[in-house]
Every structure is written in structure tokens, then in C-alpha cells.
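Novice: Have a look at the structure that comes next, please.
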Amino acid sequence: QVQLVESGGGLVQAGGSLRLSCAASGESFYAMGWFRQSPGKEREFVASIVYSSGLTNYADSVKGRVTISRDNAKNTMYLQLNSLKPEDTAVYHCAGFNTPIKWLKRDYDYWGQGTQVTVSS
């Protein structure tokens, strides 16, 4: 059974930082990524990383403030969020991609329950 479990969310003031984690089990993904969703808004891609090469890509809205990384031995992915803004408030979900095509299309195969990030102004 595939499980993606996020942690690390919380309440932080604008300008602060958080580190999110996603522990994966039951599957070895080609790539993993983070999406976020807030009420009334569409799901938004944040970042992704290819496990074998470490290749990363980021949404323009977070580029320069966010770093995605992974620990292959622990099958865990991280998202370091810095210089947080109120508009970063959302539920952050991790996702797994089984193939390069799925990764390129940002068409995830698996989806976690999410962790809430709230940024106060």
C-alpha cells in the first residue's frame, strides 16, 4: 500500500520559515513534488524533484524562496520554505510521479493528505 505522509506545517509570521517533510512508503517514485491548495483557489504546483538525478523545478511564485530536496535512503522529501508570505497560506500536499511523462505533465500518481501552512501578516 502506497502512503505519502506530510508533516512540518504550522503557523508562522510573514518572513518566517518552515520545513515540510514527506515520508513515502510502498513505492519507489521516479519523481516527487509538492502542490498546494487554498480555499477557493485551484491546486497549484510548487516544486518537484527527480529522485535519480536530483533535477528540480519550481513554480515562478516560489522560485528563490523555496528549496526541494530528498533523502533517498529514507525515501523522504523535504520542502524548505523561506521568506514566507501570507499568500503562501495553503494546504501543502506531496505527490509521487511514477514515470518521466507523468512528471513532465505534473500528473501525479499518488497524493498525500497534506499539511497546513498558515502565514500571518
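The values are calculated or read from the model by the stated rules, or taken from the named source; none is laboratory data. None of these values were measured; they are calculated from a predicted model. As a convention, Cβ positions derive from the backbone with ideal geometry for all residues, glycine included, and neighbour counts pool all protein chains shown. Areas reflect the complete protein model, heavy atoms only, side chains present, ligands, DNA and RNA absent. Shrake-Rupley method; radii C 1.70, N 1.55, O 1.52, S 1.80 Å.
Novice: Assigning unit charges at the beta carbon (Lys, Arg +1; Asp, Glu -1) and nothing else, what dipole magnitude in debye, to the nearest 20, does the chain show about its Cα centre?
Specialist: In debye, rounded to 20, the chain gives about 160.
Novice: Please express the shape of the chain as an equivalent ellipsoid: the semi-axes are the square roots of 5 times the eigenvalues of the C-alpha gyration tensor, given largest first in whole angstrom.
Specialist: Square roots of five times the eigenvalues give 23, 14, 14 Å.
Novice: Return the carbon/sulfur percentage of the accessible area of the range 42-90, one whole number, probe 1.4 Å, all protein chains in place.
Specialist: Within the range 42-90, the accessible surface is 46 percent carbon and sulfur.
Novice: For the range 11-72, which semi-axes, largest first and in whole Å, follow from the square roots of 5 times the eigenvalues of its Cα gyration tensor?
Specialist: Over the Cα atoms of the range 11-72, the semi-axes work out to 22, 14, 13 Å.
Novice: Given a 1.4 Å probe, how much area per residue of the chain is accessible, in Å²?
Specialist: 51
Novice: Of Lys85, Lys105, Lys41, which has the most accessible area with a 1.4 Å probe, and how do the rest follow in descending order?
Specialist: In descending accessible area the options line up as Lys105, Lys41, Lys85.
Novice: Go ahead and estimate [θ] at 222 nm for the chain from helices alone: -39,500 (n - 2.57) per DSSP H run with n ≥ 4, summed, over the residue count, rounded to 500.
Specialist: On the way: 1 runs with 6 residues, N = 121.
Helix-only estimate at 222 nm: -1000 deg cm²/dmol.
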